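S.K.: Structure in structure tokens, see below.
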Amino acid sequence: VQLQAFGGGLVQAGGSLRLSCAASARTFSVYGMGWFRQAPGKEREFVAAINWSGGTTVHADSVKGRFSISRDNAKKTAYLQMNSLKPEDTAVYYCAASTLGFAGGEPNEYTYWGQGTQVTVSS
């Protein structure tokens, strides 16, 4: 499974971005999907996860109410809608796929990782 994340960029605080994660998997709908981020000098951090059908989602407390994960199985794509962005959201964002139907926030449960897309939020 190959994952390609895109949609990052430079945005002012308070702005919005939508990240996309396109998968090459023939059976995308069986994978649990997640988004993680890593800021310079910091450890990788869980952002959001969604189950295989899209019926179950979980978001980190730091982004709850501002970010929303979703997926379109027909398009084999997962999304991360980011609103009310803050400078502390600046990081490289990675999407990941798990052979579990839902992997939650545990990075070790994810087998496939995308290359990352940079999000920079200016104050």
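The values are calculated or read from the model by the stated rules, or taken from the named source; none is laboratory data. All of these numbers come straight from a predicted model, not from anything done at the bench. Neighbour counts run over all protein chains shown; Cβ positions are idealised from the backbone, glycine included. In case anyone asks, the SASA skips ligands and DNA or RNA and just uses the protein heavy atoms, side chains included. Shrake-Rupley method; radii C 1.70, N 1.55, O 1.52, S 1.80 Å.
S.K.: Which residue is nearest to L10 (Cα to Cα), if the candidates are limited to region 57-104 and must be modelled with pLDDT under 95 and in contact with an Asp or Glu (Cβ under 8 Å, 6 or more places away or on another chain)?
M.R.: So, considering only residues that are modelled with pLDDT under 95 and in contact with an Asp or Glu (Cβ under 8 Å, 6 or more places away or on another chain), the one nearest to L10 (Cα to Cα) is A103.
S.K.: Counting only residues that are open to solvent by 30 Å² or more (accessible area, probe 1.4 Å) and touching a Lys or Arg at 6+ places or on another chain (Cβ under 8 Å), which one in region 87-118 is farthest from S16 (Cα to Cα)?
M.R.: P107
S.K.: Further question: Only one of S84, S29 is among the hydroxyl-bearing types (S, T, Y) and either within 20 Å of T111 (Cα to Cα) or assigned to a strand (DSSP E or B) (or both). Can you tell me which?
M.R.: After applying the criteria, what remains is S29.
S.K.: Then there is this: Which residues, taken from region 62-86, are surrounded by 19 or more Cβ atoms within 10 Å (Cβ to Cβ) and in contact (Cβ under 8 Å) with a residue 60 or more places away in the chain?
M.R.: Matches in region 62-86: Y79, L80, M82, L85.
S.K.: Okay, moving on. Would you tally the residues in region 44-61 being more than 13 Å from D89 (Cβ to Cβ), open to solvent by 50 Å² or more (accessible area, probe 1.4 Å), in a strand (DSSP E or B) and not polar (S, T, N, Q)?
M.R.: Here the count works out to 1.
S.K.: Hey, any hits in region 32-43 for a residue that's more than 19 Å from T117 (Cβ to Cβ) and assigned to a strand (DSSP E or B)?
M.R.: Yes, region 32-43 has at least one match.
S.K.: Taking the condition more than 23 Å from T111 (Cβ to Cβ) and exposed (fewer than 14 other Cβ atoms within 10 Å of the Cβ), does L17 pass?
M.R.: Considered against the rule, which asks whether it is more than 23 Å from T111 (Cβ to Cβ) and exposed (fewer than 14 other Cβ atoms within 10 Å of the Cβ), L17 comes out as no.
S.K.: Turning to a different aspect of this structure: Give region 26-40 a look and list any residue that's open to solvent by 10 Å² or more (accessible area, probe 1.4 Å), more than 11 Å from the chain's Cα centre (by Cα) and either modelled with pLDDT of 95 or more or farther than 17 Å from T90 by Cβ (or both), or say none.
M.R.: If the condition is that a residue be open to solvent by 10 Å² or more (accessible area, probe 1.4 Å), more than 11 Å from the chain's Cα centre (by Cα) and either modelled with pLDDT of 95 or more or farther than 17 Å from T90 by Cβ (or both), then R26, T27, S29, V30, Y31, Q38, A39 are the ones that fit.
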